[in-house]
Amino acid sequence: MEKAINNLLAKPVYIYIFGLFFLVSKTVLFFGAFQLSVFVGFLFTYILVNFLLITILKKFELYKYGVSWVLLLWIIFFYGPTWPTSISLLLKTDKFYFKYFAIAWVIICLFYIWVSSLISYQIKQTVRLFFTVFLLILTGTTIITGIYSYQQEIKYNDYVKSRKIPRLKSKRDIIWILLDEYAAPVNLRSQFGFNDPLVDSLKAKHFFVTDSLTSRNTATIHSINSLFNLDDSIPASDYIQAADHLKKSLWVNALNKQGYTFINYDFLNISTKSKFQYVHLFPDNYKDQILHGTMVSFMDDFFNRGRKKIDVYNQTVIDSVLHKVQEKNPSPYFIWCHLLIPHPPFYRDAAGNFNSTIIDEPDKASANDVRKQYTNYVLYSNSVVLKILNTIPDWKNKNIIISGDHGARMLQENDMKRSTRTFAAIYYPGISNKDFDSLKFMQQIPFYLH
């Protein structure tokens, strides 16, 4: 028995266990998306890659220097992109740049290889035993934690299903234009020194416009999930869980039963309507759940930045909505239009032309440049909203909501509450503004339509 254990420890078993731990840690984020075939496929590929790598090292007589450094490479590959952010929070710095993190890990790997060439076989065996036992314990505790999280998911599901919504007061068409990261008027004045002209434009059209409505969440996926599942207090625990709940959408299901047709112009899957266009900002299936936050998703984001995929999405949505609102429908409809404006990158100026220098990450640009590009993008958002409104043949006979999902998450000055204050304007024929005076959260708007 002892000989068998020694033979086992002589092999880098811990490297293979690490792959299992990684898959388990990703799976427990949301059990509901689990697919056995994908899990087995990833694990088999991981094992095969390591087996081939170790075989090559043995062939070229490099195995004697140890393979623990391979584990470090996998840690970088799987968790590297998320660590700079974690280190930034730990050091309380604005940004711990990825390039410094990568250089540090290369140095660590080279140092580790050099040290491993100096230590004895017995010490190496002890290190292998430590890594093996540690990863086994870590995998076990992760599974236990995951079971607890799964129980919480069940409770959350039961809570969402228990939410009831009354019938609509009227069966007018509903149009909701969501402008991502559009700050409340009060924040536009205080943070950006900007008086929003859209407020007066919409008030002239008899919209009820709030000055500082609050969103329950500062992340888009959680904010929209809370809205569509009529859950204005409890956020889903993870992006993938929120995406799954969006597919079920309590509100859309209720509207469908009342004869409505739901039309989805979003990069997210909502109810039974698939995403309008693939943008790949949030994981919404098991494969993405595994790869999100790894070097794969980091490189995908890195190489797609220059392709302006978000602006292409915005323009496609705008064109599609402008055509759709002019169509006649035999049944009442709910058009949901999610635009990633004025969310960074700030692709366009107030006139809708491309910026010569596009700010992608506001925390890396000067405050004055951020204010200028953001407020210009707000003005462009306003022109899009008014163009859509003016294109609707009978907009005065519809229920129309224009809102953000959260506020501007930039230039915070250590006041994160500002990022929850968002824009909202509601047009509901026959209801006075006083009826909306008690509205506090963007996620409560559906209840005012019923």
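The rows are residues; the columns are (1) β-branched (Val, Ile, Thr); (2) closer than 15 Å to residue 423 by Cβ.
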{"position": "165", "(1), (2)": "yes, no"}
{"position": "173", "(1), (2)": "no, no"}
{"position": "201", "(1), (2)": "no, yes"}
{"position": "241", "(1), (2)": "no, no"}
{"position": "248", "(1), (2)": "no, no"}
{"position": "255", "(1), (2)": "no, no"}
*Working carefully through the options 190, 201, 237, 233, find the one that is in a helix (DSSP H, G or I) and modelled with pLDDT under 95.*
190
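Just to check your reading of the model, which residue among 265, 260 is surrounded by 21 or more Cβ atoms within 10 Å (Cβ to Cβ), in contact with a strand residue (DSSP E or B) (Cβ under 6 Å, 6 or more places away or on another chain) and either closer than 19 Å to residue 403 by Cβ or modelled with pLDDT of 90 or more (or both)?
On the way: 260 fails: surrounded by 21 or more Cβ atoms within 10 Å (Cβ to Cβ).
Going through 265, 260 in turn, just one is surrounded by 21 or more Cβ atoms within 10 Å (Cβ to Cβ), in contact with a strand residue (DSSP E or B) (Cβ under 6 Å, 6 or more places away or on another chain) and either closer than 19 Å to residue 403 by Cβ or modelled with pLDDT of 90 or more (or both): 265.
Out of the stretch 429-443, which residues are touching a Lys or Arg at 6+ places or on another chain (Cβ under 9 Å) and either modelled with pLDDT of 90 or more or within 15 Å of residue 230 (Cβ to Cβ) (or both)?
Taking the stretch 429-443 and keeping what is touching a Lys or Arg at 6+ places or on another chain (Cβ under 9 Å), we get 429-431, 441-443.
The answer is 441, 442, 443.
Yes/no matrix, rows are residues, columns are (1) at pLDDT below 90; (2) among the basic types (Lys, Arg); (3) closer than 20 Å to residue 139 by Cβ:
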site	(1), (2), (3)
12	yes, no, yes
20	no, no, yes
42	no, no, yes
46	no, no, yes
49	no, no, yes
54	yes, no, no
*Which pairs do you get when a residue that is farther than 30 Å from residue 329 by Cα, found in the stretch 146-175, comes within reach of a residue that is of a type in the set (Ser, Thr, Tyr) and assigned to a loop (DSSP other than H, G, I, E, B), reach meaning Cβ atoms under 8 angstrom, with the pair 6+ apart or on two chains?*
149/237; 152/237; 153/237; 156/237
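Listed here are the residues, each with its yes/no results for (1) closer than 23 Å to residue 388 by Cα; (2) surrounded by fewer than 23 Cβ atoms within 10 Å (Cβ to Cβ).
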position: 193; (1), (2): no, yes
position: 196; (1), (2): yes, no
position: 216; (1), (2): no, yes
position: 220; (1), (2): yes, no
position: 225; (1), (2): no, no
*Before we move on, is residue 145 surrounded by fewer than 16 Cβ atoms within 10 Å (Cβ to Cβ) and not small (Gly, Ala, Ser)?*
yes
_Tell me whether the stretch 318-341 contains one or more residues that are touching a residue at least 60 places away in the same chain (Cβ under 8 Å), crowded, with 21+ Cβ neighbours inside 10 Å and part of a helix (DSSP H, G or I)._
yes
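The values are calculated or read from the model by the stated rules, or taken from the named source; none is laboratory data. Predicted model only: the values in this text are computed from it and were never measured. We place every Cβ from the backbone using ideal geometry, glycine too, and count neighbours over all the protein chains shown.
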